[in-house]
Structures are given as C-alpha cells and as structure tokens.
1. Solvent-accessible area of V85, probe 1.4 Å, all protein chains present, reported in Å² to the nearest ten, please.
2. By how many nm would the segment from F58 to D164 grow when fully extended, if each residue of separation counts as 0.36 nm and the alpha-carbon distance is taken off?
3. Sorted by mean Cβ packing within 10 Å, highest first, what order do the peptides 40-47, 127-134 take?
4. Between their Cα atoms, which of K28/K92; K4/K110; K109/K160; K63/K160; K28/K115 are more than 25 Å away from each other?
5. Of I94, I118, which has the most accessible area with a 1.4 Å probe, and how do the rest follow in descending order?
6. Ignoring ligands, DNA and RNA, how do H37, H96 rank by accessible area with a 1.4 Å probe, largest first?
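The values are calculated or read from the model by the stated rules, or taken from the named source; none is laboratory data. Source: prediction; values computed, not measured. Here the Cβ is made from the backbone with ideal geometry for all residues, glycine too, and neighbour counts use every protein chain on show. Calculation scope for accessible area: heavy atoms of the full protein, side chains included, ligands and nucleic acids excluded. Shrake-Rupley method; radii C 1.70, N 1.55, O 1.52, S 1.80 Å.
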Amino acid sequence: MFGKILVPIDGSGPSDRALRLAGDIAEKFDAALVLIHVLLRGNSAVALREFAESEGFFDEVKKELGDTEIMPDLSIAAGSAAIEVVPDDALKKIGHLLLERAESSVAEKKISAIKTYIRDGGAAEAILQCAQEENVDLIVTGSRGVGDLKSILLGSVSHKLAEDSECPCLVVK
C-alpha cells in the first residue's frame, strides 16, 4: 500500500511524533522513508541558539551561529530596523544534525531504506516538490512546527501539504 513515505523534520514535538508514526507505518508495509529538512530561515540567531541548546547540539553549531551578522532591513522605509543574517553553514549544520537524529531514532525499525534531503525555500513548496520528485505514496507531517507564529500569519505548512499534495497526507498532533 505504501512504498515510500515522506516525513518533514524540523525538530518540533509534532515532527518527532510524525516520524515515530511514519517509522511504524514504514516497518509494517516494508516501505522506504524519505526525510526532508527545510532550512529554518527567518529565525533569529538567538532563537536558533536556544533551539540548538534545547535539542542538545549547541556545541556542534556554536561556531557557525557565532558568525551571525546584523544587516539593515532594506524593506523598511524608516531604515532604523535591522535583521540578523544567520549564515547558511549554521542553518545547514542544524539541518544535518536534525536529520542524523531522526535517522537514529528509527534505526531499530526494519525499514527498507532511508533517504535524506536538505532543501531551502518555502517549507510547503520544498516538501511538495520533494514528494513529487520521489514519487512518495504518503506524507506524514507534524501539525505545527518550530515556526508557529509565522504559520498563523501565513497559513500552516501542514494545511498546505494536505490541500496541495498529490498523495495522501497524514497530519500528526
């Protein structure tokens, strides 16, 4: 029934629960897992430091996060606001660490194969593109990720996946 299952990984509780469920489904149906992490752009260096600390891998990313620059926000006419530019190396390192942890968490299950991807861009769009490229049979996603406030303003990623996916989408709370 399910040959390939896609799971977005962002380190949130719902994402972790989605991975556990997807691992169970993959084991039952002898399916492959495709794990995708979309870079956590739009988060401040402070928020990413706190996230890395809570996830237990701050020491692995503190050098990359220490290189954060403050740049003027050109989109604000007043010119008085500034935004942090978190280096791509830091975002990619966080993504790799989250994917490694995700792979480890399902290692004891009998899963036919696991592939991992790191993508950049809009989360829903990147996930849907990966689902299409990999020709997945099911997407299992968390109901809320690490960008809760942004999702309230822009529409949740899980909602977009459920609406726009060509395959079934299971949303885990």
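1. V85 exposes around 60 Å² with every protein chain in place.
2. Numbers: separation 106, 0.36 × 106 = 38.16 nm, distance 3.52 nm.
Result: 34.6 nm gained on full extension.
3. Top to bottom by mean Cβ count within 10 Å: 127-134, 40-47.
4. Beyond 25 Å: K28/K92; K109/K160; K63/K160.
5. Values: I94 0, I118 50 Å².
I get I118, I94, largest accessible area first.
6. Heavy-atom accessible area, descending, gives H96, H37.
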